[in-house]
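Below: one structure, written as structure tokens.
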Amino acid sequence: MLDRPISRRRVLQLVAAALATLPLITDGTPAAAEDIDRITLEAWSDTIVPGEKRSATDRAIAGACAGPGAVQAGVWDLMNDPDVGLAPALPALVTLLNTQATGYALTHHLRPDVTVPPFVALPFAARTALALQLLNPKRVDQLLWYALAAIPMLAFHTAAQLDTAAAVRAGHPGLAWIQFPMPDADGLWRFPDFSYRLALADLHPATTSTGNPP
């Protein structure tokens, strides 16, 4: 398992490299822009991996299901992780997403709520429908939205912004929800009980003590 965090980082770095080609868009007010970025991307992340509201006034999380979702799993921290390098592209992504949401609302005759960004203003069903449109393989920009959808999945299912062993031991919401197993005392996973109750192949004689090839 020692190579797992590295492989996750590599995937995220490739995503960030693709998104970093987008032009950066700001309005000259960093604090306000950051608030808009966060609530918009949390709403997007909650659409991909939904969870329960943090409070009765939570607008980002729609509360579509019980239990934790991508937001509780730390997706905002993952998006802003310096090792990932995605943060510089976030303002452009937010602008693109809210532009798409505005178009969707107009097309479907949804009354706008100007107190929140356009994507946040959409009901959960509309957020989901728009996400499905953006993820349509026939779109020329589908890969962009596919990459953005991967971030919430990674945050929830792998705690990609954290050391896996430490995250499991600390009760990371996503890993706890999927019942990710605890590591051994040294931080490694050995799984002595095979799912098929038998070894499917003989151990290669050159396998290291950590389970990796030489």
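Scanning region 104-125 finds no residues that are modelled with pLDDT of 95 or more, within 16 Å of Met153 (Cα to Cα) and open to solvent by 30 Å² or more (accessible area, probe 1.4 Å). When restricted to residues that are at positive phi and buried (at least 16 other Cβ atoms within 10 Å of the Cβ), region 44-84 contains 1. May I ask you to verify whether Leu130 is over 30 Å from Gly171 (Cα atoms), open to solvent by less than 10 Å² (accessible area, probe 1.4 Å) and of a type outside the set (Asp, Glu)? Here the answer is yes, as Leu130 does meet what is asked.
Can you spot a residue in region 165-172 that is under 30 Å from Ala43 (Cβ atoms), in contact (Cβ under 8 Å) with a residue 60 or more places away in the chain and out of contact with any Cys (no Cβ under 6 Å at 6 or more places or on another chain)? Taking every residue of region 165-172 in turn, at least one turns out to be under 30 Å from Ala43 (Cβ atoms), in contact (Cβ under 8 Å) with a residue 60 or more places away in the chain and out of contact with any Cys (no Cβ under 6 Å at 6 or more places or on another chain).
For (1) charged (D, E, K, R); (2) farther than 24 Å from Met153 by Cβ; (3) under 31 Å from the mean Cα position of the chain (by Cα), each residue gets a yes or a no:
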position	(1), (2), (3)
Pro173	no, no, yes
Phe180	no, no, yes
Arg190	yes, yes, yes
Arg197	yes, yes, no
Leu203	no, yes, no
Thr210	no, yes, yes
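Within the bounds of region 178-185, is there any residue that is modelled with pLDDT of 95 or more, open to solvent by 30 Å² or more (accessible area, probe 1.4 Å) and not in a loop (DSSP other than H, G, I, E, B)? No - not one qualifying residue is present in region 178-185.
Of all residues in region 139-159 being in a loop (DSSP other than H, G, I, E, B) and at pLDDT below 95, which is nearest to Leu41 (Cα to Cα)?
Step one: filter region 139-159 for residues in a loop (DSSP other than H, G, I, E, B), giving 139-141, 159.
Next, from what is left, pick out any that are at pLDDT below 95: 139-141.
Values: Arg139: 21, Val140: 21, Asp141: 18 Å.
Looking at residues that are in a loop (DSSP other than H, G, I, E, B) and at pLDDT below 95, I get Asp141.
Within the span defined as region 51-74, every residue fails to be of a type in the set (Asp, Glu) and modelled with pLDDT under 85. Among helices (runs of 4 or more DSSP H) entirely within region 79-134, having at least 1 residues that are more than 17 Å from Glu42 (Cα to Cα) and of a type in the set (S, T, N, Q) singles out 90-107, 124-134. Taking the criterion of being open to solvent by 90 Å² or more (accessible area, probe 1.4 Å) and not hydrophobic (A, V, I, L, M, F, W, C), the residues of region 187-214 that qualify are Arg190, Pro192, Asp193, Ser195, Tyr196, Arg197, Asp202, His204, Pro205, Ser209, Pro213, Pro214. Of all residues assigned to region 53-60, at least one qualifies as being within 16 Å of Thr128 (Cα to Cα), in contact (Cβ under 8 Å) with a residue 12 or more places away in the chain and assigned to a loop (DSSP other than H, G, I, E, B).
The values are calculated or read from the model by the stated rules, or taken from the named source; none is laboratory data. Nothing here was measured: the structure is a model prediction, and the numbers come from that model. As a convention, Cβ positions derive from the backbone with ideal geometry for all residues, glycine included, and neighbour counts pool all protein chains shown. The protein model used for the area step is the full one, side chains on, heavy atoms only, and it has no ligands, DNA or RNA in it. Shrake-Rupley method; radii C 1.70, N 1.55, O 1.52, S 1.80 Å.
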